[in-house]
């Protein structure tokens, strides 16, 4: 007998449910099991099939353009000498090379076009840049320059968005009791991209 292929999460096999197929197989092989036993076995098989189908659906689910772009921006920042985090709180210790924390920010109100329906965003993310130490002015300047260079090298983040551009930082000095002062700034980053749906 040839192999029968499962056609859906309902456990159907070429129009025949799992329990029927299992029962026929037992009759052909001249085995007899109590009805409760083969029904329990069929239920186990059906549950396994449904689990596999659901896993395939989840595996095929793609991240939204918004998440893909933010992840690409974080990856670009992670290539810099400074430590790069996303959505984290400020740690107790700031690395000597500096610290970057990417905030997802706000997508804002999109411009909508019809036929086909599309939502055009100017998403404002934020990069928190923090340095510490006696040479914080020089370190901060080098850190912000490296961010600008990284973004200028690929304004579309590998073709994921239409354009990405950072705005000038407004640094402030933050005294720390018993330690060297911090120098920090929020760097707005505008991400231009288009999505087919506000939640897609």
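Computed over the stretch 65-195, relative contact order equals 25 percent, with contacts defined as Cα pairs under 8 Å that lie 6+ residues apart. Shape analysis of the stretch 145-188 places it in the prolate category; the axes a ≥ b ≥ c from the Cα gyration tensor give an a/c of at least 1.5, with a/b above b/c.
What are the semi-axes of the equivalent ellipsoid of the stretch 71-131, taken as the square roots of 5 times the eigenvalues of the Cα gyration tensor, listed largest first and rounded to whole Å? Walk me through the numbers on the way to the answer.
Numbers: eigenvalues 207, 26, 10 Å².
Those come to 32, 11, 7 Å.
Modelled spin-label separation between residue 156 and residue 68, with each label point placed 7 Å from Cα along the Cα-to-Cβ direction: 1.3 nm. A straight line joining the Cα centroids of the stretch 150-200 and the stretch 98-128 runs 11 Å.
Annotation for residue 138 and residue 113: the two label points, set 7 Å from Cα along the Cα-Cβ direction, are 4.9 nm apart.
Every number here is computed from the coordinates shown, using simple stated rules; none is lab data. The shown structure was predicted, so the numbers you read here are calculated from the model rather than taken from an experiment. Here Cβ is always computed from backbone atoms with ideal geometry, including for glycine, and neighbour counts include all displayed protein chains.
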